[in-house]
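Enquirer: Just passing along the structure, written as structure tokens.
The values are calculated or read from the model by the stated rules, or taken from the named source; none is laboratory data. Quick caveat, the model's predicted, so the values are computed rather than measured. All Cβ positions, glycine included, derive from the backbone under ideal geometry; neighbour counts span all protein chains shown.
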Ligand code: AP5
């Protein structure tokens, strides 16, 4: 499928990820690409940050990219979908992410956090990776984080994020050392506009309708691991690392 050029969407410099590891000096064989799947609040962003720290590959979060576009005409268009809890149209998402995946820091692998989210997006991605030689030595690795719906309210309503470094906190489960301030750089933490109860409801409906069918679709086409995401963060991370190593070693 051919997508319109990026310029058609007025895309600009906001395509940079929030966390950029020093991939040139990173050691070890390539990994991935890694695709993190899960319901809103499952812990995709939290685990992505830990994978970045361990494997020195970039995190590419479509949600973060869209939020970073705030203040531009395109950003307002994207925000309108996000604030209603709807998914951004597939064509637009793929057009935005394509040049990011071609970045030089993606050569050793990368983590997709929040993409793909529909079957058309996944099919586009698998074609794109195959055509560009980016599929990795053993193909994409999928980590599907599962969390019961009852846990999600505290996760989303309690989430706070550092606008400077992107670090994620939670008032209930992972509070900062000083209330409201980032442990790393002291910035005042912010709450996402779509972490409002009405919008959360719509996001969960979008997930059930558009993203759940993707799970079985990818299970058959990738190195797929399902991980219980309601364990403590450190335990989930251990299991995620085990899954990544298993796929990298070709054990599955
Ligand atoms: P996006 O920003 O991707 O949001 P999301 O998928 O809804 O996921 P979240 O970021 O809310 O949750 P998460 O799983 O990353 O959890 P986190 O680690 O933060 O997308 C936003 C919007 O952009 C979408 O609604 C859509 O409009 C649009 N969009 C984005 N991508 C798109 C696409 N591909 N196609 C179309 N539209 C797209 O954790 C949540 C909280 O839980 C945190 O406070 C954290 O501290 C806490 N926590 C994490 N793990 C644990 C644990 N194990 N125990 C206790 N607490 C934990």
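Enquirer: Residues in the stretch 84-105 that are part of a helix (DSSP H, G or I) and either under 15 Å from residue 125 (Cα atoms) or at pLDDT 95 or above (or both): how many?
Expert: So the count comes out to 13.
Enquirer: I would also like to ask the following. If I ask for residues that are crowded, with 20+ Cβ neighbours inside 10 Å and closer than 18 Å to residue 195 by Cβ, which ones from the stretch 50-64 would you list?
Expert: Matches in the stretch 50-64: 61, 62, 64.
Enquirer: Scan the stretch 135-155 residue by residue and report those that are more than 14 Å from residue 222 (Cα to Cα), away from the ligand (no atom under 11 Å from the Cβ) and in contact with a helix residue (DSSP H, G or I) (Cβ under 8 Å, 6 or more places away or on another chain).
Expert: 149
Enquirer: Just to check your reading of the model, which residue among 158, 109, 114 is within 18 Å of the chain's Cα centre (by Cα) and either closer than 24 Å to residue 230 by Cα or within 12 Å of the ligand (Cβ to nearest atom) (or both)?
Expert: 114
Enquirer: Also, quick follow-up: Give the residue that is farthest from the ligand (Cβ to nearest atom), with candidates limited to residues of the stretch 196-210 that are more than 9 Å from residue 85 (Cβ to Cβ) and under 18 Å from the mean Cα position of the chain (by Cα).
Expert: For the stretch 196-210, the residue satisfying everything is 208.
Enquirer: Of all the residues that make up the stretch 216-243, how many are touching a residue at least 24 places away in the same chain (Cβ under 8 Å) and farther than 20 Å from residue 130 by Cα?
Expert: Number satisfying all stated conditions: 12.
Enquirer: Is it the case that residue 146 is touching a residue at least 24 places away in the same chain (Cβ under 8 Å) and surrounded by 19 or more Cβ atoms within 10 Å (Cβ to Cβ)?
Expert: No: the conditions fail for residue 146.
Enquirer: Give the stretch 62-78 a look and list any residue that's farther than 15 Å from residue 162 by Cα and touching a strand residue (DSSP E or B) at 6+ places or on another chain (Cβ under 8 Å), or say none.
Expert: If the condition is that a residue be farther than 15 Å from residue 162 by Cα and touching a strand residue (DSSP E or B) at 6+ places or on another chain (Cβ under 8 Å), then 62 is the only one that fits.
Enquirer: With respect to residue 127, is the statement that it is surrounded by fewer than 21 Cβ atoms within 10 Å (Cβ to Cβ), more than 14 Å from the ligand (Cβ to nearest atom) and over 22 Å from residue 226 (Cβ atoms) true?
Expert: Yes.
Enquirer: Report, by residue number, each residue of the stretch 71-90 that is away from the ligand (no atom under 12 Å from the Cβ) and free of Cβ contacts under 8 Å to residues at least 24 places away in the same chain.
Expert: 71, 76
So that you can scan it fast, the table gives a plain yes or no per residue for (1) within 30 Å of residue 137 (Cβ to Cβ); (2) out of contact with any strand residue (DSSP E or B) (no Cβ under 6 Å at 6 or more places or on another chain):
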site: 184; (1), (2): no, yes
site: 218; (1), (2): yes, no
site: 234; (1), (2): yes, yes
site: 247; (1), (2): yes, no
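Enquirer: Residue check: is residue 172 closer than 27 Å to residue 241 by Cα, surrounded by fewer than 14 Cβ atoms within 10 Å (Cβ to Cβ) and free of Cβ contacts under 8 Å to residues at least 40 places away in the same chain?
Expert: The answer is yes for residue 172.
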